[in-house]
Amino acid sequence: MLRAPAWSCFRFPPRRPRPGPALSKPCPAAPGGARARACAGGGGWGRIASEIPRRGSCARPRPGPQLPPGRPGSAMIKAILIFNNHGKPRLSKFYQPYSEDTQQQIIRETFHLVSKRDENVCNFLEGGLLIGGSDNKLIYRHYATLYFVFCVDSSESELGILDLIQVFVETLDKCFENVCELDLIFHVDKVHNILAEMVMGGMVLETNMNEIVTQIDAQNKLEKSEAGLAGAPARAVSAVKNMNLPEIPRNINIGDISIKVPNLPSFK
Amino acid sequence: MALKMVKGSIDRMFDKNLQDLVRGIRNHKEDEILRLSRMEGLWRPCREHACRRHFSNSICSLPLCHILAKYISQCIDEIKQELKQDNIAVKANAVCKLTYLQMLGYDISWAAFNIIEVMSASKFTFKRIGYLAASQCFHEGTDVIMLTTNQIRKDLSSPSQYDTGVALTGLSCFVTPDLARDLANDIMTLMSHTKPYIRKKAVLIMYKVFLKYPESLRPAFPRLKEKLEDPDPGVQSAAVNVICELARRNPKNYLSLAPLFFKLMTSSTNNWVLIKIIKLFGALTPLEPRLGKKLIEPLTNLIHSTSAMSLLYECVNTVIAVLISLSSGMPNHSASIQLCVQKLRILIEDSDQNLKYLGLLAMSKILRTHPKSVQAHKDLVLQCLDDKDESIRLRALDLLYGMVSKKNLMEIVKKLMTHVDKAEGTTYRDELLTKIIDICSQSNYQHITNFEWYISILVELTRLEGTRHGHLIAAQMLDVAIRVKAIRRFAVSQMSTLLDSAHLVASSTQRSSICEVLYAAAWICGEFSEHLQEPQQTLEAMLRPKVTTLPGHIQAVYVQNVVKLYAAILQQKEQAADAQAAQEVTQLLVERLPQFVQSADLEAQERASCILQLVKHVQKLQARDVPVAEEVSALFAGELNPVAPKAQKKVPVPEGLDLDAWINEPLSDSESEDEKPKAIFHDEEPRHAKQRPPEADEQELARRREARKQEQANNPFYIKSSPSPQKRYQDAPGVDHIPVVQIDLSVPLKVPGMPMSDQYVKLEEERRHRQRLEKDKRKRKKRERERRGARRHTSLHTESDEDITPAQRVDIVTEEMPENALPSDEDDKDPNDPYRALDIDLDKPLADSEKLPVQKHRDTETSKSPERQDVTVVEKKSKKPKRKEKKQKEKEREKKKKKEAEKGVDLDFWLSTTPPAATPAPLPPGFLQEEPGVNAAVTAPKEERRGEEQDAGEDAEQDLEKKPSEQKKKKHKKDKGERSKDKKRPKKRAPPREGDAEPVQNGALREEPLPPMSSYSLLAENSYIKMTYDVQGSLQKDSQVTVSMVLENQSSSFLKNMELNVLDSLNARLARPEGSSVHDGVPVPFQLPPGISNEAQFVFTIQSIVTAQKLKGTLSFIAKNDEGSTHEKLDFKLHFTCTSYLVTTPCYSDAFAKLLESGDLSMSSVKVDGISMSFQNLLAKICFHHHFSVVERVDSCASMYSRSIQGHHVCLLVKKGEKSVSVDGKCSDSTLLSNVLEEMKETLAKC
């Protein structure tokens, strides 16, 4: 289970034990056909959050009084990137304006720097030339198939950002229930929304996971209530799409309204 | 109907949504790529096609690219169709897909308008999609962004907290200066929202708003400060965040918050807030060493007690910062340093790589000030050098820099060289290379005892493959060869070998950078050709056909140095009377030079053809048996000296040379006016050079040389003429027989199988050993002589750095600087720093004019004039940006000055006596006391702020003068603060107004503590009330002046219903509320209890300002006491001096000179005798009382400038002689000038 590293300055709330497949195995039991199918399509599927942080120190008992959960003070986060082991971007958030080309270059460069590092080295990296220059650091964590990279400036507390990444991943895990790379692939908008509750304009907004999850849940509820009548069929269709039925009815007839179901080659 | 709606939504649900798009792309891309890549092997990014991020074969495999590009362009077409529909849900879906494509690198700015449409949807679901897309792709250049202002404002005031939240989040990503200005007020309101969710977001976004719209900082700051004590921890931490970030950029403005933060630090249990605050203190301590002293104790306690590593680490960091700031004043904090180093060692030894990294990082900070304590851990650092983690190795390398000494340099570099060989990856190897060079060359090659060793290290480094730092090695070679004369012979021999094996260095194209060393090699061989053993051979090496493949600039250097060599050879041959050989050399050149004449590089070509002609000419002469060697070598006579890189900049402008004057009158073209170049010194340089006489004559040169020698002799940093400690040691009586071992270079060093530099290490060790033995012997003898049979001296390695004598007589020639160079080091400030705009004083009370713009109808006037409560004169909004800027500038200047006064009192008070009001943890009693000596030691490092005060055009000299003066002033203020603390707090001064302040920037100069100056003069007084007043003009309104009147109740009665009336003259009128007649008085907006004073302001309209005038007036009031109330009156005479119409306006010397030249100013002058005041104070007095600012000051002569409210320029030249001062004035109005001068004379006469 997840545990905060020993240098962590805030405590994670107790986690419920979670049944599920072992980490880094594919997820055969994942709900929904889409997930299983997409797995075959070549994306990553290792469970992200279930991987225990690799620091050896995490097993060390923590002496002294436990401090209440806090919020990292932040200076400036320049960019937050998530990409997979092959360098495919899964989320990119830049808090400084860059052109699309530069953004792609930055992602590529960052991937290049991060991917060639061993597993047991420190999580800080200098030398990103494109973003910011010498004042900036890359602070990253590698979970299963994904790299979470924060590019921050020198005034940032390095260990604090590492904790922040951990909170981010745990929050994703809570919101998606057993988060895996596919969740990030197909719901990048939701990931953005979660991130927006944590980091705003390059500054840390909130690090208390319960608080973040509460706000996200409330927003989702609001969204559902807005969808109302129209939302139900849409949800149904998306469920249908995800089911990958071999045969989808070509025509739906409801009274005098006839709906033609388009060919769905892309659903295949 | 309902069914139709359902149909609509059912139709829509078959539109492709985000998931379908992702799925489609994956189907078209990843399957294909995986399949194809398995078939075809290696893949590289394809640049040719739109799909930037996809992978194709080395030559783009069109089919694959096509598949994906086609699919995506098809999707984009669909999206475009969807965007055209009216249904907002369809649009939102399309925008959502666009956001995804943006992440893949597609430009979606064409859809900006649609994004705004989706942002303005009523449903939260869609709104969120719109704001997300906007935050991903909008930036300051997006032109439609201004359309969002009203929408965002609407969302900000939405009843749903999530609408507001999403708008704030989005805005934080794309806020522009316009948005910031328009929305600042709305956001500020949100800072007191009932929901903490909104509050924390609003607080956080304020930082972005400040950055874009610095004017909002002061009005918003009080509320931000309030939020530090918000009940919600999230809001509190957001406020800490913002303030810390602000303070990090401009710490000095936030010093006054130190007590508040100190309280938070001692009371907060939130580690994150603590980390932030501790980091902030790290930024503040350099400005206020006393703060550091106060911090050490609680921080040390935290270090001992905390279990959270991150907090521990930040504490250690801040303690280090404190120690650095104290290092000059406080001798004894070794315990704290030891604690830090100890803790860091624990971190470094930890198995967690992250902690190891951070430990090394912090260690390098200690290294800067306390190298000794770090050097003890050399073993640890060297161990980290072998770590498998590159980040850690890099950090360890940083530390090495401070650990080298004369003793261990060779050993350490040797270790690094083995790393260089082993290193994979060019980045790390390059880093090693630069570090080796850094370490060796630091502080003028301080640690190098054997330059031959260093040269051979450099030569070894040239064998590195694919390094990017060829130029660095080349620069080192040149530097050493030029500055260390003794090494030249050796260097030349090494370089000629290098030239000989140039094919190795320049063989592959990969080494394009390393071939830079050939540049150095060629130059050294040419320039110091007299040291060459076999010049002919080197000459031939330089003329090989292969050379033409080198880069152009290197070829050019080759050509030039071929001639130098040639000259040397000619001379040699002619001395040996070997005409035959001489002609052969000439022939060689004539044959080989044409290959350079054909060079593609212009420089090489030009030089080659020149030289070819020269050589041909020489050939002709040689044929006639004319001796030519003398003349050819005369071409290269004289020695080149190293010149400091900044030397050119520091050449002082000679007297009488006006760099801004036109050499030729400019063409009367309107264009030239528009793009007037900014007068930065560098830009003027070429012109400057042109004006110089081309050649100084011989005598002059000789004289200068003599002067330079003189100067060098007096310069402690000039190593050449001042004996180094080692040499002094040698010179000491009785020890001068120690031989300095000279390594004879003719002795072959070629031990097979060993790189050169290693041999030097061995040799060096031997040499030192010999030296040591000898010294021991000597010492022993001495001791034996002293006390025979006593304890023997151990021959253990106890030599200290100073004992090692360098192998060569090292003659490190320092870089030359021009005579009279100005020592200023402030040329590295970036004028474009966005944070500079936030350098705003926050302690000054808010003025009425400082309000955030509130939304109004377009046509209303914003009241931004400094109007007072009692006067309601509406004026037109001045739209001119220039004026606005000027006003802003002035304000800031004023703030700075004001701040010093107030903050000085508050902060000093806190720092010196009182404990923080509510510290839960009992503090040791010692905490409260401040050693008496400290205050005297506070000459706070003000470097930083001064740098910011500096404007580019300002004169460095003036800056120099300001430095000591301001510090003194500060001290003075502090003393005052100290005195006042036992009494009651000083009464608050009247609110400051524009122009009241002394100008700080090219303004008033202060040196000694000035006598307290007040511009308020007595107006009238009776038993009830005392009136003092001051008149100020404002630049915004050209015919108005503001009279500030301080009314002090001197009686025991309560004064009320005060009313002021003035008998208007033709020229001057009191501005009365609208609708009142000229006989009505103006009510004073307050009442005065006994013993209280307050200030009221009245505006007067003046027609002509060239003469002084007086107005009669009356103050009527009701005095009420226990016995009843009486109606009282007080008459007064308001005196409007001409000075009061002047407004302090900064002026740069270039503009000033232009003004004087323009010739349409009339002149007048006065002279005052019997003045004993210092010139500094005199100027300050003029600045203060007469609203002038100093433009330039040279010795006891200063030019000053001011401007009247109606735009008259007033220029003064103030000269101080013995006991007298003369003031020459120029002004666009002669009457005004003579009146001002008269008034000035009066002021001066009082001095």
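What follows draws every value from the coordinates through simple rules; no lab data is involved. Computed from a prediction, not measured in an experiment: that's the story for all the values here. Here the Cβ positions follow ideal geometry from the backbone for every residue, glycine too, while neighbour counts run over all protein chains shown.
Annotations
- With neighbours defined as other Cβ atoms within 10 Å of a residue's Cβ, the residues A:Cys180, A:Cys175 order from fewest to most as A:Cys175, A:Cys180.
- Rg and Dmax [Cα atoms of the range B:151-217; Å; Rg one decimal, Dmax integer]: 10.5, 30
- The fewest-to-most ranking of B:Ser1076, B:Ser1222 by surrounding Cβ atoms within 10 Å reads B:Ser1076, B:Ser1222.
- Label separation (B:Thr434 vs B:Thr300): 3.9 nm, computed from points 7 Å beyond Cα along the C-beta direction.
- Shape summary of the range B:1062-1129, radius of gyration then Dmax from alpha carbon positions: 15.1, 49 Å.
- Mean separation of Cα contacts under 8 Å, 6 or more apart, over the residue count of the range B:471-621: relative contact order %: 21 percent
- The range B:1088-1247 has equivalent-ellipsoid semi-axes of 38, 19, 14 Å, by the square roots of 5 times the alpha carbon gyration tensor eigenvalues, sorted largest first.
- Net +/- balance of residues flanking B:Leu1233 in space, Cβ distance below 14 Å, scoring K and R +1, D and E -1: -2
- With a Förster radius of 25 Å applied to the C-beta separation of B:Glu465 and B:Glu140, the computed FRET efficiency comes to 0.05.
- For B:Ala1020, the residues 5 or more places off, or on other chains, whose built amide H falls under 5 Å of its own are B:Met1027.
- Taken along its three principal axes, the alpha carbon spread of the range B:195-292 comes to 38, 32, 17 Å, from the longest extent down to the shortest.
- Surface/4 estimate of mean projected area, convex hull on alpha-carbon atoms of the range B:588-642, nm²: 4.9 nm²
- Taking the fewest neighbouring Cβ atoms within 10 Å as the starting point, the ordered list for B:Phe1086, B:Phe281, B:Phe1152 is B:Phe1086, B:Phe1152, B:Phe281.
- Options B:Ala556, B:Thr538, B:Val492, ranked by Cα towards positive dipole end of the range B:450-566, top entry (Cβ charges): B:Ala556
- Prolate/oblate/rounded label for the range B:1032-1176 (Cα gyration tensor, a/c 1.5): prolate
- Modelled FRET efficiency - R0 51 Å, A:Asn85 with B:Thr549, Cβ distances, 0.05 increments: 0.75
- Label-point separation in nm, B:Lys70 to B:Val626, each point 7 Å along Cα→Cβ: 8.0 nm
- FRET efficiency for B:Leu659 and B:Glu603, using Cβ-Cβ distance with R0 set to 35 Å, rounded to 0.05: 0.70
- Loop GluC sites (Glu not before Pro), the range B:1100-1195 (other Cβ atoms within 10 Å of the site Cβ: 11 or fewer; DSSP): B:Glu1123
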